[in-house]
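Trainee: Encoded as structure tokens, here's the structure I'll be asking about.
Please treat every number below as a calculation from the coordinates, not as lab data. Remember, it's a predicted structure, so these values are computed and weren't measured experimentally. Backbone-built Cβ (ideal geometry, glycine too); neighbour counts: all protein chains shown.
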Amino acid sequence: MDFHHPLFQSLALPLCIAFAATGFLRGVLGPVQAARWAAVGVAVAIVGTVLWVLGWRLMPGALTEKLPWVYAAAALLGLGLEAMRAGRRAQWLAAGILWALVLAILAWQPLPLKIGIWLLGLAVIRAVLKETPRRADAIAMLVLASFGLAALAMMSGSALLFELSLGLGAALAGCALWLWPVGRIAFGASGAVVALLAWLALAQATALLTPARPGALLLLAASFTSGSLVRWGHRRLRRGEGRPWVETLIVAAVAALWVAAALALAHWGGGVDGPAANMDDPYYKPRW
């Protein structure tokens with residue numbers, strides 16, 4: 001068996017690690033503490049997968065070599081916020097500050113563009129963190145957005161970013177099995193912060209290293225409005241929310257529509273018909 005095959009290292013491995021680690025923490029910590037800390041399992045899977053695929057460089061040079069550092073910093077921040085029982089506003093501010101630092105170190109861009117990307121990231125972070133941790137709505141949006149980003153990266157000619165985005169989505173899916181159809185844990189800061197920063201960093205890498213259309217990436221970011229759109233629809237129709245597991249399916253369906261629109265724009269809009277535009281992505285002769 002080839003342990004570097006993408007079906008293993010970017011699908012089976014993160015999914016199994018996230019599911020097993022989350023279940024282990026839930027069993028060891030008990031129902032009360034597990035509600036706070038079981039989501040650490042997804043952080044373990046996300047960081048472990050990027051280390052398996054990319055390794056670790058003490059002095060990173062290329063953009064992709066900086067990603068493990070971003071993941072590790074986000075995981076530590078999430079653990080710290082969970083330990084301090086930080087509120088949603090504090091989580092949003094802390095994650096926003098880290099996102100600004102990530103933009104500063106990943107690559108050079110004009111300042112106005114960086115500010116715009118930072119504000120977009122703040123909106124994405126807020127959209128996810130305001131969801132109820134005991135429900136699977138937030139993680140469903142993250143799973144769909146990650147798989148959509150993986151598809152966009154592959155269409156844009158980057159096998160590396162495809163694998164990293166696929167691994168992120170698989171890790172989140174493994175954790176989601178503990179939240180849906182019945183919520184047995186909470187998707188708190190210990191898992192949400194690293195997932196958000198990982199997605200934002202991968203989206204930024206896709207924008208910088210591939211010819212992916214900015215509009216497609218914006219549509220993927222818009223998928224994080226799905227939870228708010230569903231609640232707005234309920235208010236407009238003057239009907240209450242249904243069962244949580246049904247509501248999560250509706251949120252996922254709306255997110256899937258955003259993802260489909262992004263991929264349709266990428267496919268028919270032109271601009272993703274060549275290899276990655278920047279050779280900072282070295283993954284053209286993969287080990288598998």
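Trainee: Quick one: which residues, 5 or more positions from residue 38 or on another chain, have an amide H under 5 Å from its amide H? H modelled 1.01 Å from N in the peptide plane, none for Pro or chain starts.
Mentor: Residues meeting the criterion, in which the H sits 1.01 Å from N, are 186.
Trainee: How high is the FRET efficiency between residue 24 and residue 132 when r is their beta carbon distance and R₀ equals 25 Å, given to the nearest 0.05? Intermediate values should be presented prior to the final figure.
Mentor: Numbers: r = 24 Å, r/R0 = 0.97.
Between residue 24 and residue 132 the formula returns 0.55.
Trainee: Which of the DSSP-defined H helices in the chain satisfy a minimum axial length of 15 Å, computed from C-alpha atoms, and a minimum mean Kyte-Doolittle hydropathy of 0.0?
Mentor: Details: long enough: 13-37 (28 Å, 1.07); 40-54 (21 Å, 2.57); 63-83 (30 Å, 0.94); 88-106 (26 Å, 1.39); 111-129 (27 Å, 1.93); 137-155 (27 Å, 2.03); 159-176 (25 Å, 1.76); 189-209 (29 Å, 1.87); 226-237 (16 Å, -0.68); 244-268 (36 Å, 1.64).
For the chain, where a helix must reach 15 Å along its axis and average at least 0.0, the hits are 13-37, 40-54, 63-83, 88-106, 111-129, 137-155, 159-176, 189-209, 244-268.
Trainee: Counting C-alpha atoms alone, how compact is region 7-46: give Rg to one decimal and Dmax as a whole number, in angstrom.
Mentor: Values for region 7-46 (Cα only, Rg and Dmax): 10.6, 35 Å.
Trainee: Moving on. Run through region 59-121 and list the trypsin sites (Lys or Arg not before Pro) located in a DSSP loop whose Cβ has at most 13 other Cβ atoms within 10 Å.
Mentor: On the way: sites: 66, 85, 88, 89, 114; in loops: 85.
Those that pass, being in a loop and sparsely packed, are 85.
Trainee: Show that you can apply the helix-only estimate: for the chain, add -39,500 (n - 2.57) for every DSSP H stretch of four or more residues, divide by all residues, and state [θ] at 222 nm to the nearest 500.
Mentor: On the way: 11 runs with 203 residues, N = 288.
After summing the helix terms and dividing by the residues of the chain, the value is -24000 deg cm²/dmol.
Trainee: Between residue 119 and residue 105, 0.36 nm times their residue separation minus their Cα-Cα distance comes to what? Could the numbers behind the result be given before it?
Mentor: Values: separation 14, 0.36 × 14 = 5.04 nm, distance 1.68 nm.
Extending this stretch completely gives an extra 3.4 nm.
Trainee: Here is a follow-up. With Cβ to Cβ distances under 15 Å as the rule, what net charge do the other residues near residue 141 carry (K, R +1; D, E -1)? Present the calculation step by step, with values, prior to reporting the outcome.
Mentor: Working: positive: 126, 130, 135, 231; negative: 131, 137, 247.
For residues surrounding residue 141, the net value is +1.
Trainee: What ranking do 141, 84, 59, 155 get, fewest neighbouring Cβ atoms within 10 angstrom at the top?
Mentor: If I rank by nearby Cβ atoms, fewest first, I get 59, 84, 155, 141.
Trainee: Follow-up question, since we're still on this one. Can you tell me how much longer the chain between residue 232 and residue 12 gets when fully stretched, taken as 0.36 nm per residue apart minus their C-alpha distance, in nm with one decimal? Please report the intermediate quantities before stating the final value.
Mentor: Details: separation 220, 0.36 × 220 = 79.20 nm, distance 3.62 nm.
Length gained between residue 232 and residue 12: 75.6 nm.
Trainee: What's the local net charge at residue 95, with K and R +1, D and E -1, over the other residues with C-beta under 12 Å away? Spell out each step's value before the answer.
Mentor: Numbers: positive: 88, 89, 126; negative: none.
Taking every Cβ under 12 Å from that of residue 95, the sum is +3.
Trainee: Still on this model: Hand me the chymotrypsin sites (Phe, Trp or Tyr not before Pro) from region 169-259 located in a DSSP loop with no more than 13 other Cβ atoms within 10 Å, in residue order please.
Mentor: Numbers: sites: 178, 187, 199, 224, 232, 245, 258; in loops: 178, 187.
For chymotrypsin sites (Phe, Trp or Tyr not before Pro) across region 169-259 that sit outside H, G, I, E and B with at most 13 neighbouring Cβ atoms in 10 Å, the list is empty.
Trainee: Which translational diffusion coefficient, to the nearest whole µm²/s, is obtained for the chain from the Stokes-Einstein equation, given a Kirkwood hydrodynamic radius over C-alpha pairs, 10 °C and 1.306 mPa s? Show your work: numbers first, answer last.
Mentor: Details: Rh = 18.8 Å.
It comes out at roughly 84 µm²/s.
Trainee: Related question: Within region 1-75, which chymotrypsin sites (Phe, Trp or Tyr not before Pro) sit in a loop by DSSP and count at most 12 neighbouring Cβ atoms inside 10 Å?
Mentor: Numbers: sites: 3, 8, 19, 24, 37, 52, 56, 69, 71; in loops: 3, 56.
Loop-located and lightly packed - 3, 56.
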